[in-house]
Amino acid sequence: MYGRVEFVRRIGDELSVAASVASATSTAAVAAFALSDGKAVSARITICGHAKRIDCMVDGDTLWMAGTKIRIADIDMPETRPPRSAREARLGQAATLKMQPLLNAGPSTLTPIRRDVDRYGRKLRVVERGGEPLGGVNWRWS
């Protein structure tokens, strides 16, 4: 049995958790709307590390924006996680480092394609700036 003070503290903790979940849910809903309606969005994209993924690049064609995982639909970059070879790891790192400043250069439009998500649960989007897809950049790997 709880004492009165312990009971009030536990109820307060539960309400605080409920409020945090509601806030995160509404933030995610706003982000999902912005990422799905073709409006320009912008974020400071970093390279993903071990922290919670909010706005960061996983590799050259996968990023997190506003806590939503996005696969850039009109390009296919070398993999970094996991790479199939040391060469692919180097190329994947180069692709990531080339895409990051492009995403940070200004607001982008994330245009949905016919299929909303891929088999890994990532939102499929064409990333455009000024009507030009970033996937149309001259991507050469040697």
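Straightening the chain between Asn104 and Val137 buys 10.4 nm, computed as 0.36 nm per residue apart minus the Cα-Cα spacing.
Report the local net charge at Asp55: Lys and Arg +1, Asp and Glu -1, summed over other residues whose C-beta lies under 13 Å from its C-beta. Result for the local shell: +4. Electrostatic bookkeeping for Asn104 treats Lys and Arg as +1 and Asp and Glu as -1; over the other residues with beta carbon under 14 Å from its beta carbon, the sum is +2.
Values in this text are rule-based calculations from the coordinates and carry no lab data. What you see is a predicted model; the values in this text were computed from it and never measured. Every residue, glycine as well, gets a Cβ built from its backbone with ideal geometry; the counts of neighbours run over all protein chains shown.
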